[in-house]
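This report refers to the structure that appears directly beneath it.
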Amino acid sequence: MNKIVVGAVTAVVVGVGAAAGWYFIGKESGPGVAGVSGAPPLDCANIKTDVDATLAALPPELKATYSGLECSGSKLSFAELRFGVLGAGAVEEGAVKMTGVVVDGGFAANAKKVFNPASYVAGQAPSAERLPIASRITATKVNIGPETGGGISFENFEIADLSARQFAKAPPATLADLGTSGPAEVADLLQAFGFSSIGFKSIAGGPPPAEGQTATPVVSIASVVLSAFDGQRLGGFDLTGLTGKPDSGSGSFGLGSLSLKGLGVGDLAAIFTSAAATGMANADAMQAKALLAISAESASLKDFSVVGFQAATDEIKIASITLDQFKALSFSQLAIDGLSGHVSEIGYDFKLAHLALKGVDVGVMLQDVAAGTATEPDFAKLRVDGYDLSDLSFGPKDGEKVTLASIVATSSDYVDGIATKGTGKLTGFAMPISIIPEEYRGPFTDLGYPTIKLEMTTDYSFDPKALSLDVKDVTLKLIDGGALSLKLNLGNFDMKAIQASSQSMEPPAALFAAKVVAATLAYTDDSLVSRVLKLIAKEQATTPEALLEQAKAMLKMQADTAPGPVTKAFIHGLEGFVTGQKSLTISVAPSKPLSFDDIGNKFENPEDAAAALKLTAVGK
């Protein structure tokens, strides 16, 4: 048993020969892919004849040539192997040129069984047995593109433990036939192969050069490695050192690394074949099924940057993006760290230290589309269990910026797609008034707020059986100003009906039918009242004390003319706040829950409405 450790993945190779296999036992896992060994010796005496016959059987649009053919045991090598792609008039439009090619441990008979159309017997189902093709295929350099330059090139190409099964249909006789293949045929072709690894390095690509000029690569990649593929699952995909620039203009982009572990695509060929067999005309349903078949244990992106695409100073940088336990368009967590940049059009910098989305399920929105019973996603079913954001800022490059210390929110205990519990907390929001256009700053300056600072908390629960909503807390606090809090209990609150009316853009009849069980609105002052009084007094050329006396007189007059004892007591409560300027609490607690329609109908008689609601006010 041989143990190999690559990053966070530990692979164990068990057995020898055709029985060998890869088994991943680390943090990420992948499919068990059989090793390829024990290939029979090649017929080196007749190898040139066999190679010529094989290349002659290729589609007519391919012109194959080679040089430096050598054969020894089960190893076949070429100094150069080239496949020209012919277009109209047999004019070459491009080519694949490989140098230093070595095929080690090849199974020629198996390759013919898979790739030779003559091996597919009419009326007989293709073999589903996965056959060893080659132990290892390597090339020191590969060029794909026209001879004049451009296209893609890479070095140190290597495939290990290549295997394949027969395709669902015989290989097409021409490249033109291959171009007419549908989604099912393309998916089947890709899923017919398996390997323990594919790797290549020093990848470079770009457009063909202008006449008389030399091709200049616009994209380069240090290395790409794919591991443990069995046709439906890929143990890993790792890309490092991506850099590039646009074909024309300025700017550049880069990526330190991209890594996928435990990637699965399901049986895409079966999905597309089923769609065709059942006459599924709805392409959206087929696409939704294919998307829901994708899974990955983890994915990570590091050191991403885009610079100067529209203007030289434009910039976006991301230190890392990670995705965990992705399946059917849902994932346990998506985290973005170290986002920063500059937008020259408005002259703003922005920064975000951390953002995490937890327990996200987007796929649930597409279930009805995949089933063919809907044509649009059901956005009401979107699920996000939690948000966690920290250290956000944006504003002028050389000026004060809007900042947000953190947002933490949770949703849980889902019933029929509805979160029955939720909390939220916002802290450290600060907006300097210098960021507001000067003509709108006046009120904030007069109130003595060079910076607006806010905090907020929320907490609710919902009982889907009793149709009751309990808003335990919604509090908005202005630092050095005051805090406003709401508590609310509603009955007959049909959340699904309200969501449905919102999606269909219809009046929310279900909301009007909801019943008020109890509600409390409370304000606690911390200098905001005195600031407002000073501002109004200045505008009216009077004093804050005079304004208070006017308010008291007005409330006394309203109390004296109140239509009944409930409204009179309510006004006295308001008087208490005007006198004390500390806090005001307004509450309703009807003996019998009242719908919003009922409350609206009672407003013609204020005393009746206040009595029915048991309206009270306590001011200090």
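The values are calculated or read from the model by the stated rules, or taken from the named source; none is laboratory data. All values derive from a computational prediction rather than experimental measurement. Ligands, DNA and RNA are stripped out before the accessible areas are found, and what is left, the full protein with its side chains, is counted by its heavy atoms. Shrake-Rupley method; radii C 1.70, N 1.55, O 1.52, S 1.80 Å.
Quick notes on this one:
- Whole-Hz ³J(HN,Hα) from phi, Karplus 6.51 cos²θ - 1.76 cosθ + 1.60, for the stretch 477-484, glycine and proline x: 10, 9, 4, 6, x, x, 10, 10
- For the stretch 97-214, the Kirkwood estimate of hydrodynamic radius, built from reciprocal distances between every pair of different alpha carbons, is 16.4 Å.
- For the chain, adding -39500 (n - 2.57) for each run of n ≥ 4 DSSP H residues and dividing by the number of residues yields -6000 deg cm²/dmol at 222 nm.
- The long axis of helix 544-560 is offset from the longest Cα principal axis of the chain by roughly 70 degrees.
- Computed from Cα positions, the angle between helix 528-539 and the longest principal axis of the chain comes to roughly 70 degrees.
- Residue ranking by accessible heavy-atom surface, 1.4 Å probe, largest first, among Lys552, Lys327 comes out as Lys327, Lys552.
- A 1.4 Å probe, protein heavy atoms only, puts the accessible area of Ile586 near 50 Å².
- Spatial separation of Cα centroids for the stretch 281-311 and the stretch 548-588, in angstrom: 60
- Other-chain or far-sequence residues with amide H under 5 Å of Glu61's (modelled H): Leu175
- Nearest 10 degrees, 0 to 90: helix 283-292 Cα axis against the chain principal axis: 90
- Cα convex hull of the stretch 513-619, projected area averaged across orientations, nm²: 7.6
- Of all aspartates and glutamates in the structure, the ones whose alpha carbon falls short of 19 Å from that of Lys496, not counting any fewer than 8 places away in one chain, are Asp361, Asp368, Glu376, Asp378, Asp385, Asp413, Asp416, Asp463, Asp470, Glu506.
- Cross-link pairs exceeding 29 Å between alpha carbons, from the set Lys302/Lys397; Lys472/Lys602; Lys327/Lys515; Lys327/Lys487; Lys75/Lys245: Lys327/Lys515; Lys327/Lys487; Lys75/Lys245.
- Per residue solvent-accessible surface (Å²) - the stretch 534-582, probe of 1.4 Å: 65
- Inter-part distance where the stretch 453-468 and the stretch 57-131 are each reduced to a Cα centre, Å: 65
- Hits among aspartates and glutamates - C-alpha to C-alpha of Lys453 under 17 Å, sequence gap 8 or more where chains match: Asp391, Glu400, Asp480, Asp525, Asp526
- Heavy-atom accessible area for Tyr523, with the other protein chains in place and a 1.4 Å probe, reaches approximately 40 Å².
- Stokes-Einstein D for the chain, Kirkwood Rh over Cα pairs, 4 °C, 1.567 mPa s (µm²/s): 42
- Apportionment of accessible area to carbon and sulfur, the chain, percent (1.4 Å): 61
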